[in-house]
Structure formats: structure tokens, C-alpha cells
Amino acid sequence: MGSAPSSLKKEIHEELTCSICLELFTRPKVLLCQHTFCQDCLQDLVGRGGTFQCPICRQRVKVPHKGVVGLPDNCIVASMCEKYQKQEKLFEEALKQPKTGHRCSFHPSEEVKLYCKQCSMPVCIECCEEGHDGHPTTGLKKAAQERRSTVQALINEGRNISEGYCSFIRALDEEKKTLNEQKQQRDNSIIQSYNKMVQKLTQRKDHLLSESHKNHSENLEKVQTERDRVSTDVNELSAACDQAEQNMEQGWFEFLAQERILTEVVRKYRGKAAPTPVRTQPAVFQPTDTPVPVLGHVTVQSLPATDTLVPVFGCMMDQLWPVMLATSNDAAGGTGHHHGNKREGEHQPQSITFGGLGSATGDFHDPCGVTVSEEGEIFVADRGNKRIQVFTLQGTFVRQFQTVVPGGQEMKQYSVAMDREGNLWVVGETKTETIAVQYNKQGRVLRKFGLQKTGWDRAVAVDTRRNYIVVTQTTGDRYNINSEVQVFSPDGTLVRTVGQQQGMNRPWYLTVDGEGRIFVSDFCNHCIYVYKEDGQFLFHIGGEGSSDGQLKLPEGVCTDRAGNIIVVDGGNRRVEMFDKAGRFLKHIATDISGPQAVALAPQGQLVLTRMRKLFSKETVLILHNH
């Protein structure tokens, strides 16, 4: 009961707060779009310009001749602010008034002086006459003396119970201390193993380089020896020919004498075999097909039962790779057998599939985007049904809301992402405009800003470090495409554009990692472009093909806490993993029908949306232990 007035008071305060200075309105001015702001806030916003945009709806407002002062006053809001401030002042003065005695909660004018033995409660005179007529009563002091032993016994019992709980807490603290010590020892062991492996790798590298140098020296020596031998023969032949030419010009005697010598030399080499090519044996380096050296494994040991019960709140999911086939063949979109691009020893992770093609609750029509909150709620952008549906990580439907914008128009969304406050950013289009809209988790519109209308699909991501909104954009027709990535502040101000120089053909999905790096999947160039937070191009991943490290029509992309890059390889019906430098690591899952958008849950599950109109199934797939 007591929370309702407090909640109402909070809502009234929010309605009377200026969205620019976040304080109660001062000299409120109302714009033509019916949005209200403080006069001074508008003055700072307008500056010296003749027009400005409404900070909420972005509608263009013309400044009157008198300036901001000439805008209409919002008298209703001003009056409500004045009354609200008076009520606050009266409430504060009431709190400062000293209290005398103990007043009855039913009769505030009466002081409580008696104790009803039958009802075991303090009462006033009027209470005795109304609800306690005929009940035995006594004075408060005497009642307190009589009840003291009973209360003291309860106090003792409560303290004993509390001491038991305190002992339990101390045991938990000791367990926490032990866990911290064990973790430190475990981390030290991992680091030592890593250092040893680095040392062995360095020694192995030096050994391989030494063998390569030795092989190179041996081959060079063979080439040089053969060259020296043949050069001697060439010199002898050249000298005989040169001398013969000179003698032919000097006279008959010299000429005839040299003919005999030249004949012998030529006869010598006429029967001699021609030089044969030198057979060198250059060494070949064949890297071992293990992208990352295996340091070891972190395993959880089964412990014997003890008297201390420690609650289990979760488990480590990072770096736990698939060890079981999907529990349902249809859930993975395949048969469960090994196929062409599945490597030896890899298995499909455990999975949960939910949804289907339709408009009923829990079904989808083009599930084009997905994001997961820190609390583990899955938000699916159900484009065809113009709504956001929310599910648990077990696939249970929680709630939904239609994607509408101020004015009541429904929005056909392209993509959805979550910002650092846990609010949603949805990019889509109505019949009249293309926009980015911020909703809270229950679907209330918080703000929006306009985007260029292009006719191409686009995606949205959030740089949570700066709360920047990152959007893909493609303009032009199929023969003259211009693509880029745009970075906006939450109020719609364009911060920078990224990627015009790399020749992006059809940028679709994108994500931003913890370092601010931007990853863009290019559908038609079959690769992922990677940029620094300031827009500098770093490298690209993939290239058209089906081999390890190659991509075909990539779509969704996300990163995990270790910085690994997870890509939906739509044309190859699989999900790929690369390290943060772009090196291929593994196939997370294969033979998945119609994979599209992807997101990573805080507990480590991988969430995929799938479009399978051919089979009348459009679903969401959760891969556990990816």
C-alpha cells in the first residue's frame, strides 16, 4: 500500500522534468510538436541560429522574432511544477515536527496508554470503547513488566538462531577464502604451463629455422660447385675460339696452326655430355594442424558431501567446447551424421529449438535479429509480425510488444541490439521514414532519430563503452552500390562514417567488441571487415569458399569474452569461430538450415535465428556449450 503514492510521486516528477537538463521545468516553453523544455535549455540549444530541431522528435522549429522568449508558455506545466514544489516543502516541514507520545494508528488524536490482554496489543481509550469493549486491559508499564520474560525468551531464541546463521556465514567466508586461494594456485599453474609451452615453442622454432638454414646452405653449395665446373669449360672453349679468330686475320701459318688446336678442343667437348640441371632438395615446412596449443584442461572435481550447504548460482561456460551431438535432429537442421565440411572429432553442441512460422504467440515471420540481456532474456526482432518477442534461455515465452513509433505507426524492423543501460535499439522503417528507435525492455519508446531511406536491409549494434549507436547503410542500385557504417550518438548526431574505402558490397550484420572494434559482415564479398574504434581498417576475415577459414554469404556476427569472433556462415550452413586476430579456430556447428542472426548469452549459450520458409519453420536455436 505504501509504495503506490511513492510510485505516483516518482511518475509525476518524471513528467515535470525537462529532458535536456533533467530538472523540474523552469519557465517552460511549448513547441509546435507539443514537447516542452525549459526556456534557458532551449536558449542554449538554439544559440544564434534561426531554426533548430526538437531534441525528442527532431521536428524543425522556427525561432520567433523575439527569440526563445517569444515561444508560447506552457502555463499548465508551470502551475503543476509550482504546486509540486509547495507539496514537497510542506512534506519536509511535517517531517521536522517533533512527535509527542505514542499516537494510535486508528485514532491519531488519541495517545496509546492501555494494553489489551485478550488481543495482546496496545490500545487507546476509543479503541477500548469500539473494538475492545469488555476485554481485560492494564497499563502499558505493567503489561511490559509482565511480558518482559516472554519477550526476553524470544530475544534469546532469536539470538541463538542468528548465531547459527552467523556461523554459516563465517563458513561461507572461509569457503570463499579457500576458493580464492585455489583459484590463485590454479591460475599460477596455468601461467607456468603457458610459459613452459612458450619456451618449448621458441626452442622448436629455433630448431626449425636452423634446419631450414642448413638445407638452404647445402643446396646453394651444390649450385655453386656445378656453376664453377661448367664455367671452367666455358672459359676453355671461349679462349680457343677467340685465338682462332685472331689467327685467321694474322696470316696463313698462324691460322693453320690454330686450326689443329681448335679442332682438338672442339672434339673434346663434342663427345662430352651436356651439363645436366642441378638437383636441389629444398625443405618444406608443414605446420601442425592445431591452431592453438593445448595447455591442459580445467575440470570440476566431484567433492564429497559435507554438512555445509553452499548455494550454486551458475557455472563457467567460457571455453567449454561441444562434446555431444544435438539432442534433436530437427533442432540442428541435419541428420546428426558427419558431412563434407565437418572435421574429424567435431560434434554438434547440445541445443534447444523453439518457435515456428506464423503470427501466434511464440511463432515468427522473418526473425531477422536477436539480442540477449544480462538477465538472460532473449529479445527476437519478429520483422514480419512487427513485434519484439521475449523468451527465457529455456525457450519459454515471457512477453511481447509491437514496434510502434510516436504517432502510432508500426515499424518493420531490420535488427535489434542492447545498450549498456539494458535498453533496446531497433532499426527499421515505417510507411514514411527509416528510423532508429530506443525502447525499454517493456516496449516503451524512449527516443528516436531519423536515418536515410535506402530500400536496403541494415543492422544495428551498440558500442557500450561510449553508448554509440552503429548502423550499416547501403545506397544506390545493384549496379552502383555505395556502402558504409555510420556511428551515431544516442541523440542522433553523426559521429563518423567507416568503411567507404574497402569497397563493401552488401554490409549486413555487425557487432562491436569490448575494445570498440567494429566487425561488419559483407554478404556479397563473403567476408568480415574489421575496423578500429576510430574507423581505421585493420583486416578482413574469410573470402568466398567452403574450406576452413573461408565464408559464403556471411550473415550474423558476434564476439565472446575472450575476443573470439563468431560468424554465421549462411551459404555453408554453419557457424564458424575465429580468434581475435582473424585466424580460423573451429566449426561451432554445421548443417544448420537457414542460420541468420546470432547473439551470445552471458552464460555462454549461442542464440541463432533461423529462416526456413521452405519447411514452414522459422525458429530460434540455442546452442549450449558452444
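About its Cα centre, the dipole of the stretch 377-515 is roughly 320 debye, where the only charges are +1 on Lys and Arg Cβ and -1 on Asp and Glu Cβ. Cross-link reach is defined here as a Cα-Cα straight distance under 20 Å, omitting same-chain residues fewer than 8 places apart; for Lys86 the aspartates and glutamates meeting it are Glu11, Glu14, Glu15, Glu23. Going toward the positive end of the dipole of the stretch 10-92, with +1 on Lys and Arg Cβ and -1 on Asp and Glu Cβ, which of Ile12, His65, Cys41 do you reach last? Of the listed residues, the answer is His65. Under 5 Å from the amide H of Phe523 lie the amide H atoms of Arg506, Trp508, each residue being 5 or more positions distant or on a separate chain, with H modelled from the backbone and absent for Pro and chain starts. Straight-line reach from Lys29: taking Cα to Cα under 12 Å and skipping same-chain neighbours fewer than 8 places apart, the aspartates and glutamates in range are Asp40, Asp73.
Assuming charge only on the beta carbon of Lys and Arg (+1) and of Asp and Glu (-1), the dipole of the stretch 329-623 about its Cα centre is about 400 debye to the nearest 20. Counting 0.36 nm for each residue step from Gln118 to Arg267 and taking away their Cα separation leaves a gain of 39.4 nm.
Of the peptides 496-504, 481-489, 147-155, the ranking by mean beta-carbon count within 10 Å, highest at the top, reads 481-489, 496-504, 147-155. Residues within the reach of a label modelled at Lys83 (point 7 angstrom out along Cα to beta-carbon, backbone nitrogen below 17 Å), restricted to the stretch 13-39, are 13-17, 25, 28.
In terms of packing, defined here as the mean over residues of other Cβ atoms within 10 angstrom, the peptides 465-471, 167-173, 199-205 line up highest first as 465-471, 167-173, 199-205. Looking at the stretch 148-265, the pairs of alpha carbons with a distance over 24 Å make up 73% of the total. Partner lysines whose Cα lies under 30 Å from the Cα of Lys268, excluding those fewer than 8 positions away in the same chain, are identified as Lys222.
Exceedance of the 28 Å cut-off in Cα-Cα distance is limited, within the set Lys83/Lys113; Lys448/Lys552; Lys62/Lys431, to Lys83/Lys113; Lys448/Lys552. The charge dipole of the stretch 10-92, taken about its Cα centre with unit charges on the Cβ atoms of Lys, Arg (+1), Asp and Glu (-1) only, comes to about 460 debye. Modelled spin-label separation between Ala581 and Ile190, with each label point placed 7 Å from Cα along the Cα-to-Cβ direction: 2.0 nm. Scalar couplings 3J(HN,Hα) for the stretch 182-190, obtained by applying the Karplus form with A = 6.51, B = -1.76, C = 1.60 to θ = phi - 60°, are 5, 4, 4, 5, 5, 4, 4, 5, 5 Hz; x denotes Gly and Pro. Across the stretch 134-149, computed HN-Hα scalar couplings (Karplus, 6.51 cos²θ - 1.76 cosθ + 1.60, θ = phi - 60°) run x, 7, x, 10, 8, x, 5, 5, 5, 4, 5, 5, 5, 8, 4, 5 Hz from first to last residue, x flagging Gly and Pro.
Ordering 55-66, 506-517, 366-377, 432-443 by mean Cβ neighbour count within 10 Å, with the highest value first, yields 506-517, 366-377, 432-443, 55-66. Each of Val437, Leu451, Thr474 was scored by the projection of its Cα onto the charge dipole of the stretch 375-493, and the greatest displacement toward the positive side belongs to Val437; charges sit on the C-beta of Lys, Arg, Asp and Glu. Residues whose amide H comes within less than 5 Å of that of Val370, counting only those at least five positions distant or on another chain, are Ala381, Val416, Val598 (H built at 1.01 Å from N in the peptide plane).
From the Cα gyration tensor of the stretch 501-573, with a ≥ b ≥ c the square roots of its eigenvalues, which class applies: rounded if a/c is under 1.5, or else prolate if a/b is larger than b/c, or else oblate? Oblate is the answer for the stretch 501-573, as a/c is 1.5 or above yet b/c matches or exceeds a/b.
Note on Glu544 and Glu23: with the Förster distance fixed at 60 Å, the Cβ-Cβ geometry gives a FRET efficiency of about 0.60.
For the stretch 10-92, the square roots a ≥ b ≥ c of the C-alpha gyration tensor eigenvalues yield an a/c of 1.5 or more together with a/b exceeding b/c, which makes the shape prolate.
Rule-based calculations on the coordinates, nothing more; no lab input. Owing to the predicted nature of the structure, the values given are computational and were not obtained by experimental measurement. When we count neighbours, we look across all protein chains shown, and the Cβ atoms used for this are built from the backbone with ideal geometry, even at glycine.
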